[in-house]
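Okay, structure first, notes after.
The values are calculated or read from the model by the stated rules, or taken from the named source; none is laboratory data. Every value quoted in this text rests on a predicted model; they were computed, and no experiment measured them. A quick note on method: Cβ atoms are made from the backbone with ideal geometry, for glycine too, and the neighbour counts reach across all protein chains shown.
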Amino acid sequence: MTPKEIAISAVSALDEKKGGEISAIEIADLTTLADYFVIATGTSNTQINALCDAVEKRLKAQGETPLRREGYRDGTWVLLDYGCVTV
């Protein structure tokens with residue numbers, strides 16, 4: 001998948017789980033960290049973990065797995081690193 005396809009798929013998964021303030025920001029010309037940042041908010045620890053699970057499930061079905069996942073245990077923030085896309 002291209003970085004744009006990964007970002008679009010992540011946005012779709014977040015939207016289905018009622019993520020708030022969803023943004024996909026193309027940063028390829030600004031940094032070498034990633035091509036896209038996808039950002040969303042949740043209203044509780046439970047919803048934040050559900051948002052994370054939805055993104056992982058959707059992208060795994062499309063053959064993409066995160067290189068790293070941070071913050072899931074606390075549930076107040078989560079970072080999913082797909083290399084070219086950070087959610």
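Would it be correct to say that residue 55 is assigned to a helix (DSSP H, G or I), in contact with a helix residue (DSSP H, G or I) (Cβ under 8 Å, 6 or more places away or on another chain), among the β-branched types (Val, Ile, Thr) and surrounded by 12 or more Cβ atoms within 10 Å (Cβ to Cβ)?
Taking the combined requirement at face value, the residue satisfies it.
Considering region 1-41 alone, what residues qualify as being part of a loop (DSSP other than H, G, I, E, B) and hydroxyl-bearing (Ser, Thr, Tyr)?
2, 31, 32
When you go through (1) charged (D, E, K, R); (2) surrounded by fewer than 16 Cβ atoms within 10 Å (Cβ to Cβ); (3) modelled with pLDDT of 95 or more one by one for residue 64, which number turns out not to apply?
In the conditions (1) charged (D, E, K, R); (2) surrounded by fewer than 16 Cβ atoms within 10 Å (Cβ to Cβ); (3) modelled with pLDDT of 95 or more, residue 64 misses (2) alone.
Could you tell me whether region 18-25 includes any residue that is within 17 Å of residue 2 (Cα to Cα), polar (S, T, N, Q) and out of contact with any helix residue (DSSP H, G or I) (no Cβ under 6 Å at 6 or more places or on another chain)?
Looking for residues that are within 17 Å of residue 2 (Cα to Cα), polar (S, T, N, Q) and out of contact with any helix residue (DSSP H, G or I) (no Cβ under 6 Å at 6 or more places or on another chain), one finds none in region 18-25, hence no.
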